[in-house]
Amino acid sequence: MTQNEDLRENMLRQVLEHLSQQSESQYLKILTSLAEVATTNGHKLLSLSSNYDAQMKSLLRIVRIFCHVFRIGPSSPSNGIDMGYNGNKTPRSQVFKPLELLWHSLDEWLVLIATELMKNKRDSTEITSILLKQKGQDQDAASVPPFEPSGPGSYENLSTGTRESKPDALAGKQEASADCQDVISMTANRLSAVIQAFYMCCSCQMPPGMTSPRFIEFVCKHDEVLKCFVNRNPKIIFDHFHFLLECPELMSRFMHIIKAQPFKDRCEWFYEHLHSGQPDSDMVHRPVNENDILLVHRDSIFRSSCEVVSKANCAKLKQGIAVRFHGEEGMGQGVVREWFDILSNEIVNPDYALFTQSADGTTFQPNSNSYVNPDHLNYFRFAGQILGLALNHRQLVNIYFTRSFYKHILGIPVNYQDVASIDPEYAKNLQWILDNDISDLGLELTFSVETDVFGAMEEVPLKPGGGSILVTQNNKAEYVQLVTELRMTRAIQPQINAFLQGFHMFIPPSLIQLFDEYELELLLSGMPEIDVSDWIKNTEYTSGYEREDPVIQWFWEVVEDITQEERVLLLQFVTGSSRVPHGGFANIMGGSGLQNFTIAAVPYTPNLLPTSSTCINMLKLPEYPSKEILKDRLLVALHCGSYGYTMA
């Protein structure tokens, strides 16, 4: 039955669910049979002569049914007592026994590929060595007078012994390398599907929200091979490696590979996975019936919207939104768009005291004093819901947050540079502490600071006993980080938590971490238009650069050549914001007021990347020897900018 494609999976689940509830022996018999069929299908899938697509679908279908039936059993896992991975010999755990043959074959395949990869790596090193030696010999042959053989046949022997044997060896190693890649190409998708089945079986034995220790151990053991699979085909994460999206401790091992993929591809994966499992509809944004329409009052749109959204069915809101203003007939996407636009402005309305403007006046940060509004945490939760809904339905919002708040949404730690958005002078002081030796300055700083606590100034320790711990040259970096966390995180932690509670109702944390803080801003608020001629007109040059210098000419040619998305990344990289203020580049703000975009010269060394100082809108551009190198290094910096790299 499970292998009959004409039978729908849901119907099969219901039939087997009914049969399994007749008696425990019947339940165990069904599970054992499903495990045996899954094992047979899994081995067929690992046979390279089988039809991949058909066998993959069949295996995963059987395993899904197996896991469903297992979960509805008389003692579903809730406390880890009856889990197959821990070796308990209960009848329930024994139903997994047939599958152990499949997991053993999977393990053997991965070990084999790991061995080939290691061998390939050694051969690659040897090939490089051979090529370098051969190159050296070629150079020697060109610069040294011809060698005169001492006797008949000596030259021929020398030639045969060196010049001909090495190319043969080289060809053999290159062929072995190609063979290894062919093996990976042929097996990666098949093995990945079996890995997905293994994960599903491990997960159904665990309480909700927990990752199987056995599976974590499996991923750690085969780390290199799995990374190889993901490197070759990152989309495999969404096809088979769901465990990466559901398990942060495993996701972190692959994050550098994922973040290296083009932004456009990650956006497609994001929405593909976000909407997977939702029913197809020609009118995605139209609710099923009249009861699901959000009826709001225009004159109290924020409060009435908060009320109706909090009462609405979350699953239905994910499928579609329809809004109607009280007393008005209009409906459709135009009304939905207007609703999001108005709410974007209302969220940062100072009357609600939820957000405060940043130092540049164009971005917003949660207000640490928002408690003056008794409903502030409910409203923060609602604000998170609105942004989550907007992102879910690809509706742009007309609101921009500080870089640190985007980091909070993504779970990325803040750093001292983020303080500049709310207090530029304080950020400069922190920078000064890091840049200078404070040993003999008599600052008498301790690991405690005076801050506003519910309207009154209080001394707050940065760590236990902080008031008696002096800041020294050795621990000043820790002090700066803790001060940053207090100002940017601890002071607004309840507000952040409430916002994320609402946001995560529609956007899973595992999916949103595919992006960095700059990309999240683009996802939420869209791609701004950038006038390159206005940018050039309002740029200053320092540290030796002038407008007519070749490097500057190359730089602006590159800016003209790159995509609009990459121009936005460049603007974000240097200024910390993706937007040009009203009035153009002449009105860009820095830490101390108006501050033009500035390009400073830096001595060139190979592989050096451009860096920036966002407080003063300065791009530190090395004096690259060619336009090609400049473009390559600039693009690397833009795509890795939030990670702080200076060499690549």
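The values are calculated or read from the model by the stated rules, or taken from the named source; none is laboratory data. All values reported here derive from a predicted model rather than from experimental measurement. Every residue, glycine among them, receives a Cβ derived from its backbone with ideal geometry; neighbour counts consider all protein chains shown. The protein model used for the area step is the full one, side chains on, heavy atoms only, and it has no ligands, DNA or RNA in it. Shrake-Rupley method; radii C 1.70, N 1.55, O 1.52, S 1.80 Å.
Between Ser370, Ser300, the distinction of being in contact with a helix residue (DSSP H, G or I) (Cβ under 9 Å, 6 or more places away or on another chain) and among the hydroxyl-bearing types (Ser, Thr, Tyr) belongs to Ser370 only. Filtering region 343-381 down to residues that are modelled with pLDDT under 90 and aliphatic (A, V, I, L, M), which residue is farthest from the chain's Cα centre (by Cα)? So, considering only residues that are modelled with pLDDT under 90 and aliphatic (A, V, I, L, M), the one farthest from the chain's Cα centre (by Cα) is Val372.
Inside region 52-65, residues that are closer than 24 Å to Phe96 by Cβ and open to solvent by 50 Å² or more (accessible area, probe 1.4 Å) make up a count of 2. Listed conditions (1) in contact (Cβ under 8 Å) with a residue 24 or more places away in the chain; (2) over 17 Å from Arg303 (Cβ atoms); (3) in contact with a helix residue (DSSP H, G or I) (Cβ under 9 Å, 6 or more places away or on another chain); (4) not small (Gly, Ala, Ser) are all met by Gln357, apart from (1). Per the listing Phe447, Phe506, the residue uniquely touching a strand residue (DSSP E or B) at 6+ places or on another chain (Cβ under 8 Å) and aromatic (Phe, Trp, Tyr) is Phe447. Restricting attention to region 349-364 and to residues that are more than 18 Å from Ser577 (Cα to Cα) and of a type outside the set (S, T, N, Q), the residue that is surrounded by the fewest Cβ atoms within 10 Å (Cβ to Cβ) turns out to be Asp351. Filtered by the rule that a residue be closer than 30 Å to Tyr371 by Cα and open to solvent by less than 70 Å² (accessible area, probe 1.4 Å), region 303-322 gives Ser304, Ser305, Cys306, Val308, Val309, Ser310, Ala312, Cys314, Leu317.
Out of Leu16, Leu28, Leu46, which single residue is under 34 Å from the mean Cα position of the chain (by Cα) and of a type in the set (A, V, I, L, M)? Before you say what the answer is, go through the steps one by one.
Values: Leu16 fails: under 34 Å from the mean Cα position of the chain (by Cα); Leu28 fails: under 34 Å from the mean Cα position of the chain (by Cα).
Among Leu16, Leu28, Leu46, only Leu46 is under 34 Å from the mean Cα position of the chain (by Cα) and of a type in the set (A, V, I, L, M).
Being in contact with a strand residue (DSSP E or B) (Cβ under 7 Å, 6 or more places away or on another chain) and within 23 Å of Tyr624 (Cβ to Cβ) narrows it down to one of Glu566, Glu540, Glu546, so name that one. Step by step, each of Glu566, Glu540, Glu546 is checked, and only Glu540 is in contact with a strand residue (DSSP E or B) (Cβ under 7 Å, 6 or more places away or on another chain) and within 23 Å of Tyr624 (Cβ to Cβ). Report yes if some residue within region 400-413 is open to solvent by 40 Å² or more (accessible area, probe 1.4 Å), within 23 Å of Gln572 (Cβ to Cβ) and small (Gly, Ala, Ser); otherwise report no. For region 400-413, residues open to solvent by 40 Å² or more (accessible area, probe 1.4 Å), within 23 Å of Gln572 (Cβ to Cβ) and small (Gly, Ala, Ser): present.
Within region 619-648, residues that are closer than 28 Å to Asn415 by Cα and of a type in the set (A, V, I, L, M) sit with their Cβ atoms under 8 Å from residues that are modelled with pLDDT under 75 and in a helix (DSSP H, G or I), at 6+ positions apart or across chains, in these pairs: Ala648/Cys640. Looking at Leu486, Leu482, Leu522, Leu511, just one residue is open to solvent by 20 Å² or more (accessible area, probe 1.4 Å) and either of a type in the set (A, V, I, L, M) or closer than 16 Å to Tyr406 by Cβ (or both), and that residue is Leu482. Within the set Leu482, Leu486, Leu500, Leu514, the sole residue that is within 20 Å of the chain's Cα centre (by Cα) and assigned to a helix (DSSP H, G or I) turns out to be Leu500. Every test in (1) modelled with pLDDT of 90 or more; (2) more than 30 Å from Glu425 (Cβ to Cβ); (3) of a type in the set (A, V, I, L, M); (4) open to solvent by less than 20 Å² (accessible area, probe 1.4 Å) is passed by Val336 save one, and that test is (1). Being of a type in the set (A, V, I, L, M) and open to solvent by 60 Å² or more (accessible area, probe 1.4 Å) is a description that applies to Met457. Reported count of residues in region 319-338, each being of a type outside the set (A, V, I, L, M), over 29 Å from Gly576 (Cα atoms) and not in a loop (DSSP other than H, G, I, E, B), is 5. Remark: pairs (first residue in region 373-385, closer than 21 Å to Lys316 by Cβ and open to solvent by less than 30 Å² (accessible area, probe 1.4 Å); second residue of a type in the set (Ser, Thr, Tyr) and part of a helix (DSSP H, G or I); Cβ separation under 9 Å; 6+ apart in sequence or on different chains) = Phe382/Ser305; Phe382/Ser310; Gln385/Ser310.
Has region 432-453 got any residue that is touching an Asp or Glu at 6+ places or on another chain (Cβ under 6 Å), open to solvent by 30 Å² or more (accessible area, probe 1.4 Å) and of a type in the set (Asp, Glu)?
Kept after step one, since they are touching an Asp or Glu at 6+ places or on another chain (Cβ under 6 Å), are these residues of region 432-453: 448, 450.
Next cut, open to solvent by 30 Å² or more (accessible area, probe 1.4 Å) only: 450.
Keeping just the survivors that are of a type in the set (Asp, Glu) gives 450.
Yes; the residues of region 432-453 include at least one that is touching an Asp or Glu at 6+ places or on another chain (Cβ under 6 Å), open to solvent by 30 Å² or more (accessible area, probe 1.4 Å) and of a type in the set (Asp, Glu).
Identify, from the list Ser577, Ser642, Ser613, the residue that is within 26 Å of the chain's Cα centre (by Cα) and at pLDDT 80 or above.
Details: Ser577 fails: at pLDDT 80 or above; Ser642 fails: at pLDDT 80 or above.
Exactly one of Ser577, Ser642, Ser613 is within 26 Å of the chain's Cα centre (by Cα) and at pLDDT 80 or above, namely Ser613.
Filter region 27-51 down to the residues that are in a helix (DSSP H, G or I) and open to solvent by 60 Å² or more (accessible area, probe 1.4 Å), then identify the one that is modelled with the lowest pLDDT.
Quick first cut of region 27-51, residues in a helix (DSSP H, G or I) only: 27-46.
Still in the list and also open to solvent by 60 Å² or more (accessible area, probe 1.4 Å): 29, 36, 40, 43-44.
Working: Lys29: 86, Glu36: 92, Thr40: 92, His43: 92, Lys44: 90.
Looking at the filtered set, the residue picked out is Lys29.
Elements of the type strands (runs of 3 or more DSSP E) sitting completely within region 526-626 and holding at least 2 residues that are in contact with an Asp or Glu (Cβ under 9 Å, 6 or more places away or on another chain) and of a type in the set (A, V, I, L, M, F, W, C): these cover 597-602. Check His240 against each of (1) at pLDDT below 85; (2) more than 22 Å from Phe66 (Cα to Cα); (3) surrounded by 20 or more Cβ atoms within 10 Å (Cβ to Cβ) and name the one condition it does not meet. Status for His240: all satisfied but (2).
Name the residues in region 204-215 that are open to solvent by 30 Å² or more (accessible area, probe 1.4 Å) and either in a loop (DSSP other than H, G, I, E, B) or of a type in the set (Ser, Thr, Tyr) (or both), would you? Don't jump to the end; show me each part of the working.
Start the filter on region 204-215 by keeping residues that are open to solvent by 30 Å² or more (accessible area, probe 1.4 Å), which leaves 208-210, 213-214.
Passing the criteria: Pro208, Gly209, Met210.
Scanning region 496-520 for residues that are modelled with pLDDT of 90 or more and more than 19 Å from Ala390 (Cβ to Cβ) yields a single hit, Asn497. Using the structure shown, decide if Gly467 is without any contact (Cβ under 8 Å) to a residue 60 or more places away in the chain, in contact with an Asp or Glu (Cβ under 9 Å, 6 or more places away or on another chain), farther than 23 Å from Pro366 by Cα and surrounded by fewer than 19 Cβ atoms within 10 Å (Cβ to Cβ). Spelling it out, Gly467 is indeed without any contact (Cβ under 8 Å) to a residue 60 or more places away in the chain, in contact with an Asp or Glu (Cβ under 9 Å, 6 or more places away or on another chain), farther than 23 Å from Pro366 by Cα and surrounded by fewer than 19 Cβ atoms within 10 Å (Cβ to Cβ).
How many residues, within region 216-237, are closer than 18 Å to Ser510 by Cα and open to solvent by less than 10 Å² (accessible area, probe 1.4 Å)? Total meeting the criteria: 4.
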